[in-house]
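Report on the following structure.
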Amino acid sequence: MSRPFPLRSPRRSAATLGAALALAVLTAACGGTAGSTGSAVKDDTAKGGGEAAAQPKAEANDAICGQNSRPIKHDLGTTTITGKPKRVVALEFSFVDALVNAGVKPIGIADDGKPDRIIKQLRDAVGDYTSVGLRQSPNLQVIKSLKPDLILADSQRDAALYKQLQKIAPTVALGSNAADYERVMQSEVVVGEAVGECDKMTAALDKHKKAMADLKAKIPADDKRRIVFAITYDKGVSAQTQRAFAPTVLRGLGLTTVPSTKGQDATLSMTLESMVTLAPEVLFMARNTPKTLSDQWQSSQLWKQIPSVKNNKTYVVDGNVWSKGRGTLAAELIAREATEKLFPAS
Amino acid sequence: MNATTAAMRPSLAGDAGQGRGPGIVVAAVAVVGVALLTVGILWALSIGSEQISWSSVVHSWFSADSPADQIVRTIRLPRVLLAALVGANLAVSGAVMQAITANPIASPDIMGVNSGAAMVVVAAITIVPTMAGAPSILLAFGGAAAAGITVMVLAGMGTGKVSPVRLALAGVTASTLLVSLTQVLVIFHENDTQSVLFWLVGGVNFAQWHDIGTVLPWTAAGLLVALALAKSLNILALGEDMARGLGQHVERTRAFGAAVVIVLCGASVAVAGPIAFIGLIAPHITRKLVGSNYLRVLPVSMLVGAVLTVYADIGSRYVNPPFEVPTGVVTALVGAPIFIYLARRQKVTR
Amino acid sequence: MTVNVAMGRPVRRTAVAARRPWILVGSLLALAVVCTLVSLTIGATRIPFSDVLAALSGQRTTDGAEVVLDFQLPRVLLCWVVGIGLAVSGGVMQGVVRNPLAAPDIIGVTKGAGFAGMLLVLTLPGASVALVPLAAFAGGVVGAGLVYLFAYRRGVSPVRLALVGIAVSATFEAGIRYLLVKYPLDVNASLIWLTGSLFGRSMDTVWMALPWIAVLVPAVLVMAHRLDVLGLGDDLATGLGEPVERTRRNLLLLGVALASVCVAVAGTITFVGLIAPHIARRLVGGRHVVLLSAAAMIGVLLMLLADTVGRGIAAPLEIPAGVVTAVIGGPYFLYLLVKLGK
């Protein structure tokens, strides 16, 4: 069967190689054209939007809450909800926070099969619930078997599931995953409208705002320390940018966080070198694996030169609160922990 | 032009037969290679979060006073050295593999050796978290050995000459299985991109002196054994029957060769993940340059592998700045077209 | 040529199969139907068989029946569509490349489709979900086209096609990994798709894929006898008046289209296209029209097994079907390699 090819033109091979190279460049370039085009690791401590984040603009629309059948506008459309839903399924942790604020106990939560990921106070408030699986792939059959009357979904992560979820129960899709503090607060308001508990939600949010304002009052306005929140894994360290939840909470308190980013990215992958260059004066780190890359960094001389390390301002924090929590309670816990660590005397 | 054809059946003299003295060619290649490597290392040392001038880089050789010196010494130097070491490891194991399988497209990635090592390490980290760390290099050896030997046996090694396509298909199949398993481990473990990509693609982005210490003894041992094997590999390249006729212990050569491959690849994957294609393309480039005598091929492909990997790592800083993409993405983007080119070749595809 | 010797080796068959292969195909079909019914009862919770029957007769009276109609049925139907598509595609490619190891996941299609699908999802998050299959389809065709182009040199030698396919796949793989770096937030979701899963699929997805399969599979079966001719070797086939190059191209195109459709709706499910034709060959022999029919049924069985195990074993967590097919298919394939090597 072998076909003989006695004559090979060198030019032809070169052309092939060229074409093949072009293919590779094309594959790379396709990925490069769209999406975020770069954000600086090293950035000044611009504080845009920080103040606004502390006071969410969205206010509960009481007129809507009063109606028995009310259209709820959300990220993926408008869903009409009748009565006060009691059997609610939450596909993100921040929705659990919102439901607890509204006085509703979710019956199903996408908890990745790991109940520990729900902040303890919330877990206690919720009591018994049914796990509906991974947040990436919640189990539709389990959700259905719970006979929910409302599903709270993430508008980005669950977009492909939205139609299916609507078939099970009225679904409201809101920002949670990769949302900043302000968006999460807006989501809370909409959850209040969706479950028909605007008064409770408004009261909870007012209480929350007051708690945040009290903490903010303890913070000297002239504090300009550069704060970094990073998550560390076995083979990586990611710093959260000012698009992520925890940094926007801190900025809302008038604190300064780095890195900022011009792009859309909520996290920025760090090397020891970029961490040294970023030079955080306060470093909060959540550990996601038992052994982490940052453990290895700690033996290095350079690590000891990072201001936060030199001044003993490096703290290990709970990733379930700082990174996955994303709600009013998470915000308060983050703010309190940060305030305690930054200003030990007060 | 038919370099590969010539390469895969060298004469005993091992001469490339280009009319020039082989010594001169090798010397020239060595000089150029070392020069490229030196420039690459200096370049790599100068770039990062902050540009550091070449004079400061040189300065850091003598002092460790300034922060720049510190960065060069504790972060950039281990990184570039690890890139060079891993490149050398992979290149030599590719060359040895091509020799013992008599197969021009044999290489650690195509035969699933790298993905085997990575899968076992990831499984250990995710399933038994406390096991991560110290023994990961041994786990990598185990994974590399299991995958590599399985593929070789299954592809029909030892039953006569194995066609390249059969070996490639067997290897790709094994890789597919291993990568699927790695992916599901990662999905359930919920990890961040950097960790995921490290185990799927490989890179030296997080290199530390500690890693150099881990890999260096194995590299040294592996390379020495490989060089000691060079003459046997030359004879083996004449064909199994001929080698036997000349009194070669073919099986012993193969066994030692396989051990070298496992140690070199396992050590590389343990510290730098499964970096693609260096093991495939470095030996081919080398044969084009210096012919097919393994006494020359092995040391020169070390150099070529090191140069390729160091420059790929430099490239990884420029692909998507200010982010660093894992080194393995760059080697894959560059290496895959060369693989396509090789796959088209007459000798390989006959 | 080890490879072709292996292919040309007469395959031992059961007595029934040798005489009446269609009886065996019929039995496989019956088995697939039974497995389908069983699969419908298995989910995160067991569904009573009476509910399954009620659902199939079109009644939405019970919760169980609703679950069957809304979630189980689309997935099971997709198992049929994807299983048939991948298995027939694999059978065609093995016939054309004349290599028992060829399959859509190995020669460029799957990775090309995977890359294009990811590219769309990640770079245009606002784009309609319905566009993903189209992108994947385009990617699969481009991938296979590139393979054909690079492998072409005064004709396409089967072996070169396979090798170039692996190389082109590797290039797309590099692209996929680059995308993973660029879009870190979606890594886990991307990985689920890349591994291949029927999670969250609805009847819309079934309707998207079904027409393609319904057209392409009969087209392949009509051309099946030409695969038998190609199997005789290029020289002999040409001697028999077969336009070898054109037949090969047309058949490959059909195989590529089938595989692309499958990747588009189910992600990159591996090994089904590779092993289903093998099992079929052992059962019913090498005549392609029978072989492909049997392979299709075995593909369905494999998909049903993979998806049912994936959603039942660790509920409510879902294991992507592609992982299960890899775990089942990998070892079987390795066993097969040993057999073929001897």
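The values are calculated or read from the model by the stated rules, or taken from the named source; none is laboratory data. This structure is a prediction, so every number in the text was calculated from the model and none was measured. Cβ: placed from backbone, ideal geometry, glycine included. Neighbour counts: every protein chain shown.
Some points to look at:
- Verdict on residue A:281 being touching a strand residue (DSSP E or B) at 6+ places or on another chain (Cβ under 6 Å) and of a type in the set (Asp, Glu): yes
- Residue within region C:320-341 that is in a loop (DSSP other than H, G, I, E, B) and more than 24 Å from residue C:120 (Cβ to Cβ) present: no
- Yes/no for residue C:291 being surrounded by fewer than 17 Cβ atoms within 10 Å (Cβ to Cβ), among the aliphatic types (A, V, I, L, M) and either part of a helix (DSSP H, G or I) or within 14 Å of chain A (Cβ to nearest Cβ) (or both): no
- Among the residues of region C:194-232, those that are within 11 Å of chain A (Cβ to nearest Cβ) and free of Cβ contacts under 8 Å to residues at least 60 places away in the same chain comprise C:200, C:232.
- Residue list for region A:222-247, restricted to those being under 15 Å from residue A:337 (Cβ atoms), in a strand (DSSP E or B) and among the aromatic types (Phe, Trp, Tyr): A:229
- Those residues of region A:66-83 which are hydroxyl-bearing (Ser, Thr, Tyr) and loosely packed, with under 13 Cβ neighbours inside 10 Å, in sequence order: A:69, A:78, A:80, A:82
- Filter result for the condition that a residue is in the same structural domain as residue A:173 (by TED's automatic domain parsing), of a type outside the set (D, E, K, R), over 26 Å from residue A:198 (Cα atoms) and crowded, with 20+ Cβ neighbours inside 10 Å, over A:140, A:152: A:140
- Region A:140-154 residues that are within 11 Å of chain C (Cβ to nearest Cβ) and touching a residue at least 40 places away in the same chain (Cβ under 8 Å), paired with ones that are among the β-branched types (Val, Ile, Thr) and in a helix (DSSP H, G or I) (beta carbon under 8 Å, 6 or more apart): A:143/A:168
- Residue B:202 vs. criteria surrounded by fewer than 18 Cβ atoms within 10 Å (Cβ to Cβ) and within 28 Å of residue B:75 (Cα to Cα): no
- One residue alone among B:259, B:276, B:255 is in a helix (DSSP H, G or I) and either in contact (Cβ under 8 Å) with a residue 12 or more places away in the chain or crowded, with 19+ Cβ neighbours inside 10 Å (or both), and that residue is B:259.
- Number of the condition not met by residue C:59 [criteria: (1) crowded, with 24+ Cβ neighbours inside 10 Å; (2) over 24 Å from the mean Cα position of the chain (by Cα); (3) in a loop (DSSP other than H, G, I, E, B)]: (1)
- Scan of region C:309-323 for residues that are out of contact with any Leu (no Cβ under 9 Å at 6 or more places or on another chain) and either in contact (Cβ under 8 Å) with a residue 40 or more places away in the chain or away from chain A (no Cβ under 14 Å) (or both), ordered by number: C:309, C:312, C:315
- Among (1) of a type outside the set (Ser, Thr, Tyr); (2) at pLDDT below 90; (3) surrounded by 24 or more Cβ atoms within 10 Å (Cβ to Cβ); (4) part of a helix (DSSP H, G or I) - the single one residue B:283 does not satisfy: (2)
- Pairs meeting the criteria (first residue in region C:49-63 and without any contact (Cβ under 8 Å) to a residue 24 or more places away in the chain, second residue surrounded by 13 or more Cβ atoms within 10 Å (Cβ to Cβ) and not in a helix (DSSP H, G or I), beta carbons under 6 Å, at least 6 apart or on different chains) are C:51/C:62.
- Test: residue in region B:299-310 that is closer than 29 Å to residue C:165 by Cβ, facing another protein chain (nearest Cβ under 8 Å) and either touching a Ser or Thr at 6+ places or on another chain (Cβ under 7 Å) or not in a helix (DSSP H, G or I) (or both): no
- Matching entry among A:120, A:105, A:114 (being without any contact (Cβ under 8 Å) to a residue 60 or more places away in the chain and either crowded, with 23+ Cβ neighbours inside 10 Å or farther than 21 Å from residue A:201 by Cα (or both)): A:114
- Criterion: more than 28 Å from residue B:25 (Cβ to Cβ) and not in a helix (DSSP H, G or I) - qualifying residue of B:329, B:325: B:325
- Candidates in region C:62-77 are the residues that are within 25 Å of residue C:296 (Cβ to Cβ) and not aliphatic (A, V, I, L, M); of these, the one that is surrounded by the fewest Cβ atoms within 10 Å (Cβ to Cβ) is C:74.
- Filtered by the rule that a residue be closer than 17 Å to residue B:206 by Cα and in contact with a Lys or Arg (Cβ under 7 Å, 6 or more places away or on another chain), region A:274-303 gives A:277, A:278, A:293.
- Residue match in region C:170-191 (condition: of a type outside the set (Lys, Arg), in a helix (DSSP H, G or I) and under 17 Å from the mean Cα position of the chain (by Cα)): no
- Filtered by the rule that a residue be free of Cβ contacts under 8 Å to residues at least 24 places away in the same chain and within 8 Å of chain A (Cβ to nearest Cβ), region C:150-166 gives C:150, C:153, C:154, C:157.
- Index of the failed condition, residue C:246 passing every other in (1) in a helix (DSSP H, G or I); (2) more than 14 Å from chain A (Cβ to nearest Cβ); (3) within 15 Å of the chain's Cα centre (by Cα): (3)
- Tally of residues being away from chain C (no Cβ under 14 Å), closer than 14 Å to residue A:174 by Cβ and assigned to a loop (DSSP other than H, G, I, E, B) across region A:90-105: 1
- Residues that are in contact with a Ser or Thr (Cβ under 7 Å, 6 or more places away or on another chain) and within 11 Å of residue A:122 (Cα to Cα) within region A:71-94 comprise just one, A:94.
- Test result for residue A:252, in the same structural domain as residue A:148 (by TED's automatic domain parsing), buried (at least 22 other Cβ atoms within 10 Å of the Cβ) and of a type outside the set (A, V, I, L, M, F, W, C): no
- Residue within region A:170-179 that is part of a helix (DSSP H, G or I) and in the same structural domain as residue A:109 (by TED's automatic domain parsing) present: no
- At least 1 residues being of a type outside the set (Phe, Trp, Tyr), in contact with a helix residue (DSSP H, G or I) (Cβ under 9 Å, 6 or more places away or on another chain) and farther than 23 Å from residue C:191 by Cβ is the threshold, and among the helices (runs of 4 or more DSSP H) wholly inside region C:62-150 those reaching it are C:63-67, C:73-97.
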